[in-house]
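Structure record follows, encoded as structure tokens.
Read-outs throughout are calculated quantities, based only on the coordinates presented, and are distinct from any laboratory measurement. Not measured: the values here are computed from a predicted model.
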Amino acid sequence: MAKAIKFPIDKNTTIHVQTPEGDRVLSVKEKSQAIGEFLEWLQSDGVVLAHWPDESDELIPIFDPIERLLARYFDIDLAKVEEEKLALLRAMRAQHEGQLTSDLVVPQGYRRDQCN
């Protein structure tokens, strides 16, 4: 089983969030950073990446953002990374609400269930 980040909600409840894509991002961070800085340097020097589509004589510029190029190179699914981030935020929110249910100060004019 893959490792998971644990968020205890109360004494009987713990949320486990797995982040395999996020883990992959962290595992290539150093290489990705170096390549990204190099690509930024190329752009600042006016260099444009381009490719020849199949059976074409025309060179086509590549305007993908650096983040997307790096994700493709390292085989990282950016949509999954975003889903994992949202899952972590939801778990942190549940943990926060679970720990502060009794002593949360609610602003005047709001009911407890309106505070998000």
Legend entry - Prolate/oblate/rounded call for region 1-65, Cα gyration tensor, a/c under 1.5 rounded: prolate
Legend entry - Histogram of C-alpha separations across region 29-75, 10 Å bin width, %: 24, 48, 25, 4
Legend entry - Proximal aspartates and glutamates to LYS85, defined as alpha-carbon separation beneath 17 angstrom and excluding residues fewer than eight positions away on the same chain: GLU21, ASP23, GLU67, ASP77
Legend entry - Cα-based reach from LYS11 at 23 Å (exclusive), listing lysines while leaving out same-chain residues under 8 positions away: LYS3
